[in-house]
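Only one structure is covered here, and it is reproduced in the block below.
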Amino acid sequence: MKRIFILWMIAVGFAACSTTKETQLVILSTNDMHAHIDDYAKVTAFVSQEQKAHPGRVVVLSGGDLFSGNPVVDHCDRPGKGYPIIDLMNRVGYRASAVGNHEFDYGQRVLSERIRQARFPFLCANLHVGEGAEIHQPEPSTVIRVGRLRLGIISGIQVEAISGRLIPSSHPGRLTGLTFTEPVEELTKLRDMRKRCDVFLALNHMGVEEDKKLAERMPELDLIVGGHSHTRLDTGVVVNGVLITQAGEYLQYVGRTELTLRGRKVVARRNRLIPVASMTAEDATVKAAIKKFYDESPLNEVIGRVTARIEGKEGLGNLVTDAEAAMNGADFAFQNAGGIRIGALEPGDMTAKMVYEMDPFGNEVNVVELTPAEMRDLIRVSHRYNKRRHAVDLLVSGMTYTLYTKNGEPDRIEMAFPDGRPLEEGRYYRVALNDYIVSAYKFSHARAAKPTGKSSEETIIEYIRSRKEIAPQAPRTKLIEE
């Protein structure tokens, strides 16, 4: 009897040891890459090193916004837009990606092609596909097997009220057939997934503040891997017991989150950002693939020359609006500041690639006849979309204007020709502007906008070719708080 008791105690001891055995799971993440592919050879080598150190226990995830920011990716003509970054992500071994708002920049047909190309799923719980859409319904969640562990992932995308409906920060005209709902509400409906997995995380493109709201509502989560707000969280933040991480932007960092499990329960979490600049090893095959994408790009052609540094939203906006007005015989042109995506153009040769870096969205130029009163309404409406409260949203060609505000709200607008002459009230003027402004900014205009059939990038390239040299122009806008 005594011997049986001893054997039973030994068995219990072994069982206790087995249940308390600790396992590490490593989650590597990137977000808001915006087509910055140059360092993927380093990232690939880093992932390989982690996989050797932790065999079978490494997962690579993306927080979304893969596209728009590098014309070599965004305007790849063969096999198609966006192809290079998906090809490289496949080589790295990503296991899932959130759907970012910039995933729609190429239109739904191209997004559908890129989703089919990817060897990983795009997830989104608050995107609902209906009639007229060109993409299939994404899954709201997935369960990934990592060795014997089950990793449950849910995902949401940010939304805001634009044009009377909830949509991501995307061109409304590229969202036909798609309905978006409030992400936190949709994700909380998936909390029962906790019962079917050992590690439960949200892979979001919602911004860090929305991630915090989700953590308050869902303490069941072990981890939130975020995106959209381009936030650099060096060691993450903990809200309501949930670790929230985000790895900045443009592939400058890789997030590394190590989860320690005792048995099948997470007992410790540690997060840090790895600067990609500090990585020295490179994957030779991936490096060669990146070089090939650049070498084969048709955007290396020199189209003109910059005579002096052109900088800032205003300076670059002057170039864009001058091009759109001149090439379309318009009296005026407007450009939203958010569409300008570089800080400056340096003196020297200018290539087509530099134009696409400055203005990466492929919006079509429209021409609409507007009265001065309608233009003032457009400027007022634009200020409500303005995320740079210290400056105007709309840059302009053909006039100067001053926006006076009270308590941050538009009050009055003074407009004049460059020589100081006032505009004629009641007269219709030809105004060039991109179709994002036409779709997203709900301003009063009696006459319909007419598409030109050319993108803003094509228009700018034609303008620079015709001028051969471009130079900085004086500021044309002011914002004065009274």
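Roughly how many whole Å is it from the C-alpha centroid of the stretch 412-470 to that of the stretch 298-335?
If we compute the Cα centre of each part, the gap is 13 Å.
Quick one, which of [x] 1.06; [y] 0.98; [z] 0.95 is the actual Rg/Rh (Cα atoms, Kirkwood Rh) calculated for this model?
[x]
For the chain, take the longest principal axis of its alpha carbons; what is the angle in degrees between that and the long axis of helix 312-326, to the nearest 10 within 0 to 90?
Taking the Cα atoms of the chain, the angle to 312-326 is about 50 degrees.
What list of ³J(HN,Hα) values in whole Hz, one per residue of the stretch 434-440 in order, does the Karplus curve 6.51 cos²θ - 1.76 cosθ + 1.60 (θ = phi - 60°) give from phi, with Gly and Pro shown as x?
7, 6, 5, 4, 4, 7, 8
Quick one: give the max-minus-min coordinate of the C-alpha atoms of the stretch 120-196 along each principal axis, largest first, in Å.
Ordered largest first, the stretch 120-196 gives principal extents of 46, 24, 19 Å.
Tell me, what is the percent relative contact order of the chain, built from C-alpha pairs under 8 Å that lie six or more residues apart?
Computed value for the chain: 15 percent relative contact order.
Output ³J(HN,Hα) for the stretch 269-282: one whole-Hz value per residue in order, computed from phi by the Karplus curve 6.51 cos²θ - 1.76 cosθ + 1.60 with θ = phi - 60°, and x for Gly and Pro.
Using θ = phi - 60°, the values come out as 9, 9, 10, 8, 9, 9, x, 5, 4, 7, 7, 9, 6, 9 Hz.
For the stretch 25-132, what does the alpha-carbon gyration tensor say about shape, rounded, prolate or oblate, given a ≥ b ≥ c as the root eigenvalues, a/c under 1.5 as rounded, and a/b over b/c as prolate?
oblate
Determine, for each peptide in 109-118, 392-401, the mean count of other beta carbons within 10 angstrom over its residues, then list the peptides with the highest first.
Order by mean packing, descending: 392-401, 109-118.
Working from Cα positions, state the angle (0 to 90°, nearest 10) between the long axis of helix 372-385 and the longest principal axis of the chain.
20
Taking amide H atoms as placed 1.01 Å from N in the peptide plane, list the residues 5 or more away in sequence, or in a different chain, whose amide H sits under 5 Å from that of M350.
Here I303, G304, R305, V306 satisfy the definition.
Between helix 208-217 and the chain, what is the angle of the helix's C-alpha long axis to the longest principal axis, kept within 0 to 90° and rounded to the nearest 10?
40
If you project the alpha carbons of the stretch 369-421 onto their three principal axes, what span does each projection cover, largest first, in Å?
Principal extents (Cα only, largest first): 29, 21, 17 Å.
Which of the aspartates and glutamates could be linked to K353 by a straight reach, that is with a Cα gap under 16 Å, when you skip same-chain ones fewer than 8 residues away?
Candidates past the 8-residue exclusion: D38, D74, D77, D295, E296, E301, E457, E458, E462.
Heads up, I need the accessible area for S169: 1.4 angstrom probe, whole protein in place, Å², nearest 10.
In the full protein context, S169 sits at about 30 Å².
With every protein chain kept in place and ligands, DNA and RNA left out, what is the accessible area per residue of the chain? Probe 1.4 Å, answer in Å².
Ligands and nucleic acids excluded, the figure is 43 Å² per residue.
Given a cut-off of 20 Å, name the pairs among K406/K478; K450/K478; K81/K292; K291/K313 whose C-alpha atoms lie farther apart than that in the structure shown. Before the final figure, lay out each step's value.
On the way: K406/K478 14 Å; K450/K478 29 Å; K81/K292 15 Å; K291/K313 31 Å.
Over 20 Å apart, Cα to Cα: K450/K478; K291/K313.
In straight Cα distance, which aspartates and glutamates are under 15 Å from K42, not counting same-chain residues fewer than 8 positions off?
Once the sequence-local aspartates and glutamates are set aside, what remains near K42 is E50, E282, D283.
Report E301's accessible area, 1.4 Å probe, all protein chains in place, as a number in Å² to the nearest 10.
Taking all protein chains as shown, E301 has close to 90 Å².
Based solely on its DSSP helices, what 222 nm [θ] is calculated for the chain when runs of n ≥ 4 H residues each add -39,500 (n - 2.57) and the sum is averaged over all residues, nearest 500 deg cm²/dmol?
Working: 13 runs with 138 residues, N = 482.
Mean residue ellipticity, 222 nm, calculated: -8500 deg cm²/dmol.
Just the number, please: carbon plus sulfur as a percent of the accessible area of the stretch 151-215, 1.4 Å probe, no ligands or DNA/RNA counted.
For the stretch 151-215, the apolar C and S fraction of the accessible surface comes to 52 percent.
So if the hydrodynamic radius of the stretch 299-417 is defined as the Kirkwood radius over C-alpha pairs, what does Stokes-Einstein give as its diffusion coefficient at 10 °C and 1.306 mPa s, in µm² per second?
For the chosen part, D equals 103 µm²/s.
Could you quote the convex hull projected area for the stretch 221-368, Cα atoms only and averaged over all directions, in nm²?
Its Cα hull, projected and averaged over all orientations, spans 14.3 nm².
Could you name the lysines whose alpha carbon sits less than 19 Å from that of K195, not counting residues in the same chain fewer than 8 places away?
By straight Cα distance, K195 reaches K265.
The values are calculated or read from the model by the stated rules, or taken from the named source; none is laboratory data. Since the structure is predicted, the reported quantities are computational estimates derived from the model, not experimental observations. As a convention, Cβ positions derive from the backbone with ideal geometry for all residues, glycine included, and neighbour counts pool all protein chains shown. Just so you know, the surface numbers come from the protein's heavy atoms only, side chains and all, with ligands and any DNA or RNA stripped out. Shrake-Rupley method; radii C 1.70, N 1.55, O 1.52, S 1.80 Å.
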